[in-house]
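Here's the structure we're looking at; comments come further down.
The values are calculated or read from the model by the stated rules, or taken from the named source; none is laboratory data. Values in this document were obtained by computation on a predicted structure and should not be read as measured data. As a convention, Cβ positions derive from the backbone with ideal geometry for all residues, glycine included, and neighbour counts pool all protein chains shown.
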Amino acid sequence: MSEMGTIKDMPANDMFVSGHGACPGCGMAVAVKNIMRILGADTTVYVPASCLVVISAMYPTSSFRTPFLFTAFENTGAVTTGIRAAQRRRGLRSTVVGLAGDGGTFDIGLQALSGAAERNEDILYVCLDNEGFMNTGIQRSGATPFGAWTTTTPVGKKVEGKREFKKDIMAIVAAHDPPYAASLSIAHYNDFIKKVEKAKSKQGFRFLHVLTPCVPGWRSDSSMTVEIARLAVETGMWTLYEVEDGNARTTYKPKAMLPVTDYLKLQGRFRHMEDADIAQLQEWLCAKWYLHYGDEIEQPVCAMLEKGKRMRYPHEEQLHFV
Amino acid sequence: MSVKVISGDHAVAYAAKLARTEVVPAFPITPQTLIVERLAEFINDGELDADFIPADSEHSAMSIAIGASAGGVRAFTATSSQGLALMHEMLYAVPQCRLPIVMANVNRSLGAAAGIWVEHNDSMAERDSGWLQVYVEDNQEALDATLMAFRLAEDRRVLLPVMVCLDGFILSHTVERVEVPGQEEVDRFLPRFEPCTVLDPAEPKLINPIVPPEYAMEMRYQLDRAVDRSREVIAEVDAGFGKAFGRSYGGLLDTYRLEDADFALLTLGTATGLARAAVDELRSEGKRAGLIKLRFMRPFPFQGLREKAEGLKALGVLDRSVSFNGGGPVYTEVAAALCNVPTIVTGHVAGIGGRDIAPDHMREMFALVERAARGERVRPVTWHGLRGEME
Amino acid sequence: MGIALYEVRFHGRGGQGAVMAAQTLAEAAVIEGMHAQAFPYFGAERRGAPVTAFARIDERKISIKSQVYEPDLLVVLDETLLDVEPVARGLKADGRAVINTRRLPTEIDLGVEVECATVPATTIAMEHLKAPIVNTAILGAVVRMCALVSMESMREAIESRFGEKFGEAAARTNVAAAAMAYQQAAVGRCKGERPLSSREEWLPTWQEVPIGVALGEGVKGGVTVGPGGARRNLTGSWRVQTPRYDKGKCVRCLRCWFSCPEGCIKREEDDYVRWDLNYCKGCGICAQVCPAKAIAIIKGGQG
């Protein structure tokens, strides 16, 4: 297959077909549909408990035209290991992909993920990150960002929204030194396509982390799903990079950092946030921004925050950006 | 065939090797470790062509086994106690997906007041999972039952996972004389694994999506029937094994000197051997004692038990585990099986937490059953070897 | 007032608040001193997908927990459901119906001819709540239709349930929506001409279900099953707004094709696109990502 770089290079043969039950404007469906287009027919899919299994695989039908298996929530790294071992022994080359949510990856599935990454299993692990346990009705996960409302981080009289920052799953995966790990955005098409293609072509443990805006969970307008993903990158809430054989590389650098409020204001889950909390989130973002993109260019929104630039980002040692 | 002096764990490992297991996911737990260590050695020495996958937990080990089995290869794993409990969630996926995984469970006590010693409460807690369960008496049976487990599990009429249960330390770490069959003999007995449903992009299958209420009940009844029908195949496999290797075990249950017995004890696991000696002793005293050896807890031999119990005035049931305030799980099952026959059923709890079941305990049990057979009132359930009077 | 067992079935779409409507009706009945229960059909579908909820009201304690098969009252929160499902199945001959529609009862073919109230609940909800959450508006019409509970009790129930969950302001606007619906509801008799056939389903016996919870591609009992079989779910019926494509403006960038969650935008040989509206849920992403403004979103679910 020739190397894909743009939308026009993508195969038009849908392996994740219409008729699924996702909410209108579901970011996860956008990601899965395109990942499956690129992975193609020679793919075996494992989906743990998640929105995806519910919307795509309800007996007696499925939206996946490929082989499909579901069993439980926390075992994506393990079941895919077993499938791949069997297929290798049977002489099949099929890409074995696990399509897990952030809850199934950051939280309950972290152990099996770590096991598979450490053993360098020949599987593709995709984390579809909608920043919460959305299937069960919008509960907080380790991926939920600071300040966000969820049903388990309600906006109360005493405490408003989530008080912890998002867990850095990419750094955790990178610490296992896998052949390939990358973060993707559904709004950055060519970057998305190249990374899925690269992950497909490599051997060993591969990890793709996709931000997938969730209309009911983020309380956003269904038409804004892709725009919100774009703004996540432009504000630094999401960073596009890849870690290949131990080297981290930024794959897309925004021209200038937009204030985080540009991102927050489109989502009802942040509507309650007060200035102090927004400033705290912005400060955290500035530290992350300089880690990823360097500090030669002073970002006006960060210059206002004295500490931002000098704050030590917690995973500097693990991510060796080049 | 070769004769070896090996532990129960190693006997199981030899069986898994002779079965040409292809994927062995494993996580260590005492007293199961000798099984997976030996298999790792076989694989690293090139004696077994299989993938040894060191899982991050028993939950993952069973998940890997599920992936491998659904991927179309023969999968074997082994565990014990807390490990089995951690697998609990995944155990339930296997029978309904009809994946013929074979697993050894080295029985060990579960939960607090924890120890590493034998008790059956770990595997008894999984008896409603849909797994077939066989309990073995000695190391030879451990090897033979494991080999038969593959044949049984993979039979197209069965397609169910099988758990081979062996008593921790009493078998796992005890060496005995064991006849290890040759590879060619085993190959004749156990054909190559032909999976029924495979995850293969050449012929895409949707396996285990979410199942709404319109379908799940029919699936569950189908599984119930499959577990029940496995009884016939168990008898057939046992007979076939006997023909091939000269040893057979009676299928679901076996008996010892039961023909004209007035009273008997029902045992499973290693306690059976001691009970045989007790029966001999009582017979030498002119007492009509007998023994039923329960091999399979699932499928449970409801019908077979009713037939065997005919003519028995009383049947005692030994449990090496407790179903709190109800005696032991085997007792309640046997009592249910015999609810419409006149035989009196008594429960006997012994050997809890690895406490040795001594010959005196065994004599005490038979004595109680004998009294019940004479029409005396005895406790429904008695704990043997307990310090302090029972309430 | 004293009544014998009265059963209500609500039909709506995920996000319209059918479950809250059932709960609020139950609460209003309890306020009037009756016994009541409300529960959803516990499905796993999503926003926009058809959902069902139930309520029971009785003077005495209610022990039944099964679903409602022969409702006394049918509440339809989304009139497009009439074309998708046999909504009125089991509705008693002397039963009643409340339907969210701009049309009059005589213009509605429910499939069973009964006393019926119609109300433009979506318009009322948009006016008061700025969102198509029609549950409180429809409840105003329910009170009007069957005098099961008084408007006073309904107001109290709405204040209690909505106030507790969304705050006082929300309680006030929802009460206002219900009051307006009570005023605007039109009562008459609907038509009963539509056949109430269920859609085709494959319901195998236990002997027929393939073993292992496994299915290959195929057709069973007239129904497509297995991998890719989800194509039989025509999710376009969820749509309340529809894309309109101006091919003359299209620059063939394919961003809409990439960004459509449904995969209902089809790519032609020349990289122009077309829509398979059988599946379009009307999310509006295609119009939002189009750099040439070649796609507009038009109100309504028609193509």
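Restricting attention to region B:188-219, and to residues there that are loosely packed, with under 14 Cβ neighbours inside 10 Å, of a type outside the set (Gly, Ala, Ser) and more than 7 Å from every other protein chain (Cβ to nearest Cβ), which single residue is nearest to residue A:64 (Cα to Cα)? First the steps, then the outcome.
Just the residues of region B:188-219 that are loosely packed, with under 14 Cβ neighbours inside 10 Å, to begin with: B:188, B:191-192, B:194, B:202-203, B:212-214, B:217.
With the extra rule that they be of a type outside the set (Gly, Ala, Ser), the set shrinks to B:188, B:191-192, B:194, B:203, B:212-214, B:217.
Okay, now just the ones that are also more than 7 Å from every other protein chain (Cβ to nearest Cβ), so B:188, B:191-192, B:194, B:213, B:217.
Working: B:188: 40, B:191: 34, B:192: 31, B:194: 25, B:213: 22, B:217: 25 Å.
Here the answer is B:213.
Let me spell it out: the conditions are (1) modelled with pLDDT of 95 or more; (2) assigned to a loop (DSSP other than H, G, I, E, B), and residue B:196 meets all of them except one. Which number is the exception?
Only one criterion is unmet by residue B:196, namely (1).
Within region C:252-297, can you find the residues that are of a type in the set (Asp, Glu) and surrounded by 22 or more Cβ atoms within 10 Å (Cβ to Cβ)?
C:262
Go through B:310, B:391, B:376 for me and flag whichever is modelled with pLDDT of 95 or more and either surrounded by fewer than 22 Cβ atoms within 10 Å (Cβ to Cβ) or under 21 Å from residue B:273 (Cβ atoms) (or both).
On inspection, the qualifying residue turns out to be B:376.
Sort through A:33, A:8 and tell me the only one that's without any contact (Cβ under 8 Å) to a residue 12 or more places away in the chain, at the interface with chain C (Cβ under 8 Å from one of its Cβ atoms) and charged (D, E, K, R). Give the derivation first.
Details: A:33 fails: without any contact (Cβ under 8 Å) to a residue 12 or more places away in the chain.
Matching residue, one of A:33, A:8: A:8.
For residue B:35, work out the one condition from (1) out of contact with any helix residue (DSSP H, G or I) (no Cβ under 6 Å at 6 or more places or on another chain); (2) more than 14 Å from chain A (Cβ to nearest Cβ) it doesn't fulfil.
It is condition (1) that residue B:35 fails.
Being at pLDDT below 95 and more than 14 Å from chain B (Cβ to nearest Cβ) narrows it down to one of A:137, A:161, A:142, A:147, so name that one. Break it down stepwise before answering.
On the way: A:161 fails: at pLDDT below 95; A:142 fails: at pLDDT below 95; A:147 fails: at pLDDT below 95.
Answer to the selection: A:137.
Against the definition (under 25 Å from residue B:156 (Cα atoms) and either in contact with a Pro (Cβ under 7 Å, 6 or more places away or on another chain) or not hydroxyl-bearing (Ser, Thr, Tyr) (or both)), how does residue B:277 come out, yes or no?
Details: under 25 Å from residue B:156 (Cα atoms): no; either in contact with a Pro (Cβ under 7 Å, 6 or more places away or on another chain) or not hydroxyl-bearing (Ser, Thr, Tyr) (or both): yes.
Spelling it out, it is not the case that residue B:277 is under 25 Å from residue B:156 (Cα atoms) and either in contact with a Pro (Cβ under 7 Å, 6 or more places away or on another chain) or not hydroxyl-bearing (Ser, Thr, Tyr) (or both).
Does residue C:98 count as aliphatic (A, V, I, L, M), outside any loop (DSSP other than H, G, I, E, B) and within 14 Å of chain A (Cβ to nearest Cβ)?
no
Mind checking whether some residue in region B:234-243 is touching a Phe, Trp or Tyr at 6+ places or on another chain (Cβ under 6 Å), surrounded by 13 or more Cβ atoms within 10 Å (Cβ to Cβ) and of a type outside the set (Asp, Glu)?
no
Residues checked against (1) of a type in the set (Val, Ile, Thr); (2) under 16 Å from residue B:349 (Cα atoms); (3) at pLDDT 95 or above; (4) under 18 Å from the mean Cα position of the chain (by Cα):
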site	(1), (2), (3), (4)
B:262	no, no, yes, no
B:266	no, yes, yes, yes
B:285	no, no, yes, no
B:292	yes, no, yes, yes
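Can you tell me which of (1) over 21 Å from residue A:215 (Cα atoms); (2) under 18 Å from the mean Cα position of the chain (by Cα) is the one residue A:187 doesn't meet?
With (1) over 21 Å from residue A:215 (Cα atoms); (2) under 18 Å from the mean Cα position of the chain (by Cα) applied to residue A:187, the lone miss is (1).
Considering only residues that are touching a helix residue (DSSP H, G or I) at 6+ places or on another chain (Cβ under 8 Å), under 28 Å from residue A:284 (Cα atoms) and part of a loop (DSSP other than H, G, I, E, B), which ones fall in region A:104-147?
If the condition is that a residue be touching a helix residue (DSSP H, G or I) at 6+ places or on another chain (Cβ under 8 Å), under 28 Å from residue A:284 (Cα atoms) and part of a loop (DSSP other than H, G, I, E, B), then A:109, A:130, A:131, A:132, A:134, A:138, A:141, A:142, A:143, A:145, A:146, A:147 are the ones that fit.
Could you list, in sequence order, the residues of region B:38-56 that are more than 14 Å from chain A (Cβ to nearest Cβ) and over 25 Å from residue B:81 (Cβ atoms)?
Hits for region B:38-56 are B:44, B:45, B:46, B:47.
Among the residues of region A:60-91, write down those that are at the interface with another protein chain (Cβ under 7 Å from one of its Cβ atoms), among the small types (Gly, Ala, Ser) and outside any helix (DSSP H, G or I).
Scanning region A:60-91 gives A:62, A:63, A:72.
Which residues, counting only those in region B:160-187, are surrounded by 15 or more Cβ atoms within 10 Å (Cβ to Cβ), farther than 18 Å from residue B:6 by Cβ and away from chain A (no Cβ under 14 Å)?
B:160, B:162, B:163, B:165
Does residue A:38 satisfy being in contact with a Lys or Arg (Cβ under 7 Å, 6 or more places away or on another chain), more than 10 Å from every other protein chain (Cβ to nearest Cβ) and either surrounded by fewer than 24 Cβ atoms within 10 Å (Cβ to Cβ) or outside any loop (DSSP other than H, G, I, E, B) (or both)? Write out each step before concluding.
Numbers: in contact with a Lys or Arg (Cβ under 7 Å, 6 or more places away or on another chain): yes; more than 10 Å from every other protein chain (Cβ to nearest Cβ): yes; either surrounded by fewer than 24 Cβ atoms within 10 Å (Cβ to Cβ) or outside any loop (DSSP other than H, G, I, E, B) (or both): yes.
So residue A:38 passes the test.
Quick check, is residue C:106 under 17 Å from the mean Cα position of the chain (by Cα) and not aliphatic (A, V, I, L, M)? Break it down stepwise before answering.
Values: under 17 Å from the mean Cα position of the chain (by Cα): no; not aliphatic (A, V, I, L, M): yes.
No; evaluated as a whole, the condition is false for this residue.
Evaluate region B:310-327: report whether one residue or more is part of a helix (DSSP H, G or I), under 23 Å from residue B:168 (Cβ atoms) and not assigned by TED's automatic domain parsing to the domain that holds residue B:113.
No, region B:310-327 contains no residue that is part of a helix (DSSP H, G or I), under 23 Å from residue B:168 (Cβ atoms) and not assigned by TED's automatic domain parsing to the domain that holds residue B:113.
Please determine whether any residue of region A:237-256 is at pLDDT 95 or above and assigned to a helix (DSSP H, G or I).
no
If we scan region B:261-274, do we find a residue that is surrounded by fewer than 20 Cβ atoms within 10 Å (Cβ to Cβ), without any contact (Cβ under 8 Å) to a residue 40 or more places away in the chain and not assigned by TED's automatic domain parsing to the domain that holds residue B:15?
No, region B:261-274 contains no residue that is surrounded by fewer than 20 Cβ atoms within 10 Å (Cβ to Cβ), without any contact (Cβ under 8 Å) to a residue 40 or more places away in the chain and not assigned by TED's automatic domain parsing to the domain that holds residue B:15.
Within the bounds of region A:95-108, is there any residue that is without any contact (Cβ under 8 Å) to a residue 60 or more places away in the chain and at the interface with chain B (Cβ under 7 Å from one of its Cβ atoms)?
Checked against the condition, which is being without any contact (Cβ under 8 Å) to a residue 60 or more places away in the chain and at the interface with chain B (Cβ under 7 Å from one of its Cβ atoms), region A:95-108 yields no hits at all.
Restricting to region C:53-73, name every residue that is in contact with an Asp or Glu (Cβ under 8 Å, 6 or more places away or on another chain), part of a loop (DSSP other than H, G, I, E, B) and either of a type in the set (Lys, Arg) or surrounded by 15 or more Cβ atoms within 10 Å (Cβ to Cβ) (or both).
Of everything in region C:53-73, those that are in contact with an Asp or Glu (Cβ under 8 Å, 6 or more places away or on another chain), part of a loop (DSSP other than H, G, I, E, B) and either of a type in the set (Lys, Arg) or surrounded by 15 or more Cβ atoms within 10 Å (Cβ to Cβ) (or both) turn out to be C:68, C:71, C:72.
Exactly one condition in (1) in a loop (DSSP other than H, G, I, E, B); (2) at pLDDT 95 or above; (3) not hydrophobic (A, V, I, L, M, F, W, C) is false for residue B:96; which is it?
(1)
Taking region B:63-96 as the search range and keeping residues that are hydrophobic (A, V, I, L, M, F, W, C) and more than 8 Å from chain A (Cβ to nearest Cβ), which one is nearest to residue B:196 (Cα to Cα)?
Filtering region B:63-96 for residues that are hydrophobic (A, V, I, L, M, F, W, C) and more than 8 Å from chain A (Cβ to nearest Cβ), the one nearest to residue B:196 (Cα to Cα) comes out as B:94.
Among the aliphatic types (A, V, I, L, M), out of contact with any His (no Cβ under 6 Å at 6 or more places or on another chain), in a helix (DSSP H, G or I) and surrounded by 19 or more Cβ atoms within 10 Å (Cβ to Cβ): is that true of residue A:224 in this structure?
Answer is yes for this residue.
Okay, residues lined up against (1) buried (at least 24 other Cβ atoms within 10 Å of the Cβ); (2) of a type in the set (A, V, I, L, M, F, W, C); (3) not in a helix (DSSP H, G or I):
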position: B:38; (1), (2), (3): no, no, no
position: B:52; (1), (2), (3): no, yes, yes
position: B:61; (1), (2), (3): yes, yes, no
position: B:76; (1), (2), (3): yes, yes, yes
